[in-house]
Amino acid sequence: MTRSSLPAYVHEYKDRTGKLRRYFRRRGFRRALPTGNLDADFFRAYASALTESEQTPEKASRTHRGDSLDSAIERYLRSVQYTSLAASTRPVYKNVLKNLANIEFSGKRIGERPLHQMRSRHVQALMEAKRDTPDAANRCAKLLRVIWQYEARHDQRYGLDPTIGVQKFRTRSDGFHTWTPGERAKFEARHPAGSKARLVYAILYYTAQRSGDAIRLGWSNVEDGAIVLRQRKTGTDLSIPIAPPLACELEHVPRTQPLWIQTEYERPFTSPGFRNYMRARCDEAGLPHCSAHGLRKAMATDLANAGASTSQIQSVTGHQTTGEIERYTRRKSQSTLASTAFALLNQRDGTEEEGG
């Protein structure tokens, strides 16, 4: 069994007699585990060891105190807290943390500094070093707080969280650009009905799903005229009616084709490969600022403009909180709201004239 297939803190090896040994090892804690398959008995023993290791902070604190940020990051990357994140989220967190540790402060890498000696001024210096990319700077502070809170659960002597009180940068970005109706029309004009690009576009827009879910949809997801799926990131179960424009594009997909979206070699897309594919199709349509995720935001915004409630929009997008929906629909059509406002004014003026 490869090391990467083992749960966090589990190590196995063959001793000098050739016998397989498997242990749960965490700083200040060690427990032998069953060496058979990773079955129910193994995970019961693993869960018991994990719980007991988390209840022995005294042992952990003797070894953690004085450890560097580099060491803390490595522990976090091996933790259940990290490995339970969505597959698309883990590499993002890992890259941010590795880059964070390499930032220099007073001639020394932040990663080499003992974690318990970190202060707010160090975090602020880190932020200043990334001033030109404020979103990235704010993300570093956020993940440093995650690391600190993870470590503090095992060593109560770390003291005050150094990220508290750190001034984050104000950003004007709303994230991925939300496609406008005009931009969607431009894409449709460049990529006609029946083309692969138009199929991909229709799936992304009319399902309002993340790319990671969209590229895994196929005929097996269709039940009673709806697309049924479980989102990979949140585990949310959804049933989305197939809109007529999407149904027209799906008519060009053979029923024997396992996935609706495939590469030119009839293989599933990887997430980076799919991003590159959509980047090229958007560029061809003269839309270099548009992306696959922007179509998800466009559907949320269009539903809001049509009068859909927050809960109705959530039933399509699968968002877990209303705050996320509000962020997506922040750009609800200003012209629509203005027209509604003047309609109310005209209605009032008309009523006053009739009464006068």
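The values are calculated or read from the model by the stated rules, or taken from the named source; none is laboratory data. What you are looking at is a predicted structure, and each value in this text was computed from that prediction instead of being measured. All Cβ positions, even for glycine, are placed from backbone atoms using ideal geometry, and neighbour counts span all protein chains on display.
Counting only residues that are surrounded by fewer than 16 Cβ atoms within 10 Å (Cβ to Cβ) and modelled with pLDDT under 80, the stretch 148-162 holds 5 of them.
Of everything in the stretch 168-199 that is polar (S, T, N, Q) and under 30 Å from His122 (Cα atoms), the residue that is modelled with the lowest pLDDT is Ser173.
Of the residues making up the stretch 281-301, those that are free of Cβ contacts under 8 Å to residues at least 12 places away in the same chain and touching a helix residue (DSSP H, G or I) at 6+ places or on another chain (Cβ under 9 Å) number 1. Of all residues in the stretch 123-147, those being aliphatic (A, V, I, L, M), surrounded by fewer than 17 Cβ atoms within 10 Å (Cβ to Cβ) and under 15 Å from Asp70 (Cα atoms) number 1. Could you please let me know if Ala298 is in a helix (DSSP H, G or I), small (Gly, Ala, Ser) and within 15 Å of Ile203 (Cα to Cα)? Answer is yes for this residue. Listed by first and then second residue, the pairs linking a residue in the stretch 231-257 that is touching a residue at least 60 places away in the same chain (Cβ under 8 Å) and under 22 Å from Gln314 (Cβ atoms) to a residue that is hydroxyl-bearing (Ser, Thr, Tyr) and assigned to a loop (DSSP other than H, G, I, E, B), with Cβ atoms under 7 Å apart and 6 or more places separating them unless they lie on different chains, are Lys233/Ser88. Where helices (runs of 4 or more DSSP H) fall wholly inside the stretch 186-269, the ranges with 2 or more residues that are of a type in the set (Phe, Trp, Tyr) are 196-207. If you check Tyr9, Tyr13 for being at pLDDT 80 or above and surrounded by 14 or more Cβ atoms within 10 Å (Cβ to Cβ), only one passes: Tyr9.
Just to be sure, is Ala285 among the hydrophobic types (A, V, I, L, M, F, W, C), modelled with pLDDT under 95 and outside the structural domain of Ser88 (by TED's automatic domain parsing)? No, not satisfied.
For the stretch 196-210, check the following and say yes or no: at least one residue is of a type in the set (Val, Ile, Thr) and over 19 Å from Gln257 (Cβ atoms). Taking every residue of the stretch 196-210 in turn, none turns out to be of a type in the set (Val, Ile, Thr) and over 19 Å from Gln257 (Cβ atoms). As for the stretch 217-236, it holds at least one residue that is surrounded by fewer than 18 Cβ atoms within 10 Å (Cβ to Cβ), closer than 30 Å to Arg90 by Cα and touching an Asp or Glu at 6+ places or on another chain (Cβ under 7 Å).
Rundown of residues vs (1) under 30 Å from Pro134 (Cβ atoms); (2) modelled with pLDDT of 85 or more, yes/no style:
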site	(1), (2)
Arg3	no, no
Phe24	no, yes
Pro34	no, yes
Asp39	no, yes
Arg44	no, yes
Ser61	no, no
Arg78	no, yes
Ala101	yes, yes
